[in-house]
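I have placed the structure first, in the form of structure tokens, so that the comments after it can refer back to it.
The values are calculated or read from the model by the stated rules, or taken from the named source; none is laboratory data. This one's a predicted model, so the numbers in the text were calculated from it and none came from an experiment. For neighbour counting, all protein chains shown are included, and Cβ atoms are generated from backbone atoms with ideal geometry for every residue, glycine included. Only protein heavy atoms, including side chains, enter the accessible area calculation; ligands, DNA and RNA are left aside. Shrake-Rupley method; radii C 1.70, N 1.55, O 1.52, S 1.80 Å.
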Amino acid sequence: MKKFKENWEITQNWQLIYPVLGILLALGFGLLIATRFDGFLVDKPVQQGIFLAVVTLILTYIFIVISLFCFRKLKNRWILEYRWQFIAVFMVFAITGSTAGRISSPVMQFLGLGSDAISGWLYWPLRILLIFPLYQILLLIVAWIFGQYKFFYRFEKKMLSRMGLGFLFK
């Protein structure tokens with residue numbers, strides 16, 4: 001455990017919550033995707049359970065390997081004090097993206113622009129346009145919850161400035 005703490009630059013025990021949440025989130029996404037293969041190769045309940053568990057673990061392993069690869073690539077680009085903060089940043093991105101995608105449909109329905117009310121050619125571009133500001137707002141809210149507000153405020157400021165929306169921060 002000491003080597004793990006040193007590797008992730010964890011100085012206090014409460015910071016262990018980020019690796020634990022990261023692994024649980026990867027397991028959750030692995031399970032979510034694995035359930036899409038329900039009844040894919042096997043019909044018997046016991047074999048199906050084993051298949052689900054194996055696919056979940058394989059997908060979780062793949063997510064963790066990809067995340068660690070991204071950590072190494074982004075280490076010099078993102079200015080963070082500690083390595084464990086990378087886990088928090090990735091969780092903020094994952095939660096924000098999923099949430100923005102999930103709540104955009106009910107918001108579209110509330111506005112009277114549901115998929116059953118308008119053409120798909122109009123619905124999807126409008127939904128994507130709606131997701132953009134929702135994502136920006138949710139990103140700062142979720143970042144604040146995870147203690148990464150300062151990093152994400154700078155990140156959004158830089159991103160929106162590059163998109164020509166820098167006037168929003170003056």
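Which order, highest average first, do 93-105, 72-84 follow once you tally other Cβ atoms within 10 Å for each residue and take the mean per peptide?
Values: 93-105: 15.9, 72-84: 11.7.
By packing density, highest mean first, the sequence is 93-105, 72-84.
What aspartates and glutamates could a cross-link reach from LYS44, if we take a straight Cα to Cα line under 12 Å and drop same-chain neighbours fewer than 8 places away?
Cα-Cα hits under 12 Å: none found.
Hey, what's the chain come to in accessible area per residue, 1.4 Å probe, Å²? Can you show the working numbers first?
Values: 11740 Å² over 170 residues.
Per residue, the chain has 69 Å² of solvent-accessible surface.
Rank-order 115-123, 134-142 by packing density, defined as the average count of other C-beta atoms within 10 Å over each peptide's residues, highest first. Write down the numbers at each step before the final one.
On the way: 115-123: 10.7, 134-142: 17.3.
Answer by packing, highest mean first, reads 134-142, 115-123.
Past 21 Å, Cα to Cα, is the threshold; run LYS73/LYS158; LYS2/LYS73; LYS2/LYS150; LYS75/LYS158 against it and keep the listed order.
Values: LYS73/LYS158 19 Å; LYS2/LYS73 25 Å; LYS2/LYS150 29 Å; LYS75/LYS158 18 Å.
Where the Cα-Cα span goes over 21 Å, the pairs concerned are LYS2/LYS73; LYS2/LYS150.
Pairs of Cα atoms under 8 Å, at least six residues apart: use those to get the relative contact order of the stretch 11-132, whole percent.
25 percent
Only helical DSSP H runs with n ≥ 4 go in: add -39500 (n - 2.57) per run for the chain, normalise by residue count and round the 222 nm mean residue ellipticity to 500 deg cm²/dmol.
-24500 deg cm²/dmol
Between the stretch 1-34 and the stretch 69-98, what is the separation of their alpha carbon centroids in Å?
Going from one Cα centre to the other spans 13 Å.
Take the solvent-accessible surface of the protein heavy atoms, probe 1.4 Å, and return the percent of it on the stretch 18-165 that carbon and sulfur atoms account for. Walk me through the intermediate numbers first.
Details: 6880 of 9740 Å².
Heavy-atom surface of the stretch 18-165 belonging to carbon and sulfur, 1.4 Å probe: 71 percent.
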